[in-house]
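Okay, here's the structure, questions in a sec.
We did not get these values from a lab; they are worked out from the coordinates using the rules stated. Quantities reported herein were computed from a predicted structural model and do not represent experimental measurements. We place every Cβ from the backbone using ideal geometry, glycine too, and count neighbours over all the protein chains shown.
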Amino acid sequence: MDCSTYESAETQTAMGFSQDPDTPGLAESVRSESEVFAESAAMMADAIGAKLDRVTFDVTFTAATADTDLGFMKIPAGTVGSVYGYHRGWQGDRNVVSVGFNWTMGNHVVPPKPLEHGHVIQVFGLPNMRTVLHCLPPKDWTEPGFMGLGMIYTAMPVTNAVPAVVAAKPGIVTLADLPPVTGRVAR
């Protein structure tokens, strides 16, 4: 997805954007900044009963093909304009769960894999399954860049889980311990 509407130069720089792709420690910085995806992989493994041996991270940087001025930051040609990374949970030599991202900044970059807007969920088995979830605005949504829509979408699982968490037994519970978390019809 094109992240250029997320106007946080500090966050985007820590994720590698506008940096020389050969900067020492850049992959580690991106791993650390995207640790929430490793946590998601661990939670998914827990939910399906998979005991992970380890979680790894791999990342590919693609250089911007021309200078880009986003207003809040500049991405010079030759610096990172695309970041494609995965946190992977393993059992032995088997990749059991993967959570990744394919982010670009601006139009002057060719990502290593074509962009797919939304959340792509794949299950490999018999049969293989693939679902893409799109977060779409209502017809009257006028905000440029749709950042507010993304903020609402991000908050929905937590907000909708409140009743189930309040009703849960005392102690630490995870999403795997709760009943299905669903929204309610607005009144």
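Need a quick list: helices (runs of 4 or more DSSP H) entirely within the stretch 1-102 having at least 3 residues that are of a type in the set (A, V, I, L, M) and closer than 24 Å to Val173 by Cα.
Numbers: elements: 9-14, 26-33, 35-47.
Hits in the stretch 1-102: 35-47.
Looking at the stretch 107-125, which of the residues that are assigned to a loop (DSSP other than H, G, I, E, B) and among the aliphatic types (A, V, I, L, M) is farthest from Ala77 (Cα to Cα)?
Leu115
Related question: Can you pull out every residue in the stretch 1-25 that is in contact with a strand residue (DSSP E or B) (Cβ under 7 Å, 6 or more places away or on another chain) and of a type in the set (A, V, I, L, M, F, W, C)?
Within the stretch 1-25, Met1, Cys3, Met15, Phe17 qualify.
Within the group Leu115, Leu149, which residue is at negative phi, surrounded by 11 or more Cβ atoms within 10 Å (Cβ to Cβ) and in contact with a Pro (Cβ under 6 Å, 6 or more places away or on another chain)?
After applying the criteria, what remains is Leu149.
Just to be sure I understand the filter: pairs with C-beta atoms under 9 Å, separated by 6 or more residues or on different chains, first member in the stretch 154-171 and closer than 19 Å to Ser40 by Cα, second member loosely packed, with under 10 Cβ neighbours inside 10 Å. Which pairs pass?
Met156/Gly183; Thr159/Gly183; Asn160/Thr182; Asn160/Gly183; Asn160/Arg184
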